[in-house]
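Enquirer: Dumping the structure here so I can ask a few things about it.
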Amino acid sequence: MERVKLDNKRILFNLLPAHVAQHFLMSNPRNMDLYYQSYSQVGVMFASIPNFDDFYIELDGNNMGVECLRLLNEIIADFDELMDKDFYKDLEKIKTIGSTYMAAVGLAPTTGTKAKKGISSHLSTLADFAIEMFDVLDEINYQSYNDFVLRVGINVGPVVAGVIGARRPQYDIWGNTVNVASRMDSTGVQGRIQVTEEVHRLLRRGTYRFVCRGKVSVKGKGEMLTYFLEGRTDGNGSQARERKVCGYGRAGLQGRLGTGPPPVSSMASLPVRAGMGALQGSGLPPCPHGQHLPPGAAGKEA
């Protein structure tokens, strides 16, 4: 009986954030009141693999698509393993939607030492995680001879979190902040991290480098000023080396054979940058203070 209780507890903690699971363990099982919590400042990230749909195909040779899903499972599992690092303990994986990975920061109770962490610190953790996700996917591309690309959107603001359902309960977050974070992904550029003006404001004084994209049309919000998070500089403020999309995929494999699998490089010195050809002809409007990303150019740091 004790073994069953331990197994059930383990499953519960795997389904729900630790503080939410603890709430249900301490609650009266007959109490079916809705669990919810409002937060004023939460960082939300959507990271999608937009070319996975082109990769997925059902053929006899791949067990009617099962092998495609097996690779997707490996990718998502590696993202989960990355989040298990102690450095990312404040992050919460919310869910996966197809090939899109959703995570948030700032949802854990602010007690003890965690109470000292501000939203800028939380956002920094989320930004570092997003940058390192590119490294994880690059390594999978190199090992599997694929050229999957990542597209990320990040926003910050108020959300409501809660658990819905009695059977297979699901923890999720809702609000305009979540919707805009999703739009930052869907209106973004493959191989880059698009963030809102508020995220840029909170992180620009740190060691991050940004390029102002300009105004983007966002469904339900009109035009929004957005930025690309390029990566981090080193401790001396020096610009880190440039990074190209799919550098370890099929397109970048030639010339690397015989060198062994590429290591997951340090996120502290690795900016996320796509080939600028994706932006040519986009007609991006100017940003405030002359900071803009002209078509076909590298843009100016913000």
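The values are calculated or read from the model by the stated rules, or taken from the named source; none is laboratory data. Computed from a predicted model, the values in this text were never measured in an experiment. Quick reminder, even Gly has a Cβ in these numbers, built from the backbone with ideal geometry, and neighbours come from all protein chains shown. Just so you know, the surface numbers come from the protein's heavy atoms only, side chains and all, with ligands and any DNA or RNA stripped out. Shrake-Rupley method; radii C 1.70, N 1.55, O 1.52, S 1.80 Å.
Enquirer: From the Cα gyration tensor of the range 113-159, with a ≥ b ≥ c the square roots of its eigenvalues, which class applies: rounded if a/c is under 1.5, or else prolate if a/b is larger than b/c, or else oblate?
Expert: Taking the square roots of the gyration eigenvalues as a ≥ b ≥ c, the range 113-159 is prolate.
Enquirer: Another question about this same structure. Of Lys95/Lys221; Lys89/Lys221; Lys85/Lys215, which pairs sit farther than 28 Å apart, going by alpha carbon to alpha carbon? Kindly include the intermediate steps, with their values, before the conclusion.
Expert: On the way: Lys95/Lys221 24 Å; Lys89/Lys221 32 Å; Lys85/Lys215 35 Å.
Violating the 28 Å limit, Cα to Cα: Lys89/Lys221; Lys85/Lys215.
Enquirer: Right, next: Take the solvent-accessible surface of the protein heavy atoms, probe 1.4 Å, and return the percent of it on the range 81-232 that carbon and sulfur atoms account for. It would help to have the intermediate numbers written out before the result.
Expert: Details: 2820 of 6150 Å².
In the range 81-232, the share of accessible area belonging to carbon and sulfur is 46 percent.
Enquirer: Between Leu34 and Asn14, how many nm apart are label points set 7 Å from Cα along the C-beta direction?
Expert: Between Leu34 and Asn14, the simple spin-label model gives 3.0 nm.
Enquirer: Describe numerically, in nm with one decimal, the distance between label points set 7 Å from Cα along Cα→Cβ at Ser217 and at Ile57.
Expert: A separation of 3.3 nm, rounded to one decimal place.
Enquirer: Using a 1.4 Å probe, how large is the accessible area of Tyr36, given in Å² and rounded to the nearest 10?
Expert: 140
Enquirer: Want the number for Arg70 to Asp84: 0.36 nm per residue separation, take away the alpha-carbon distance, what's left?
Expert: 2.9 nm
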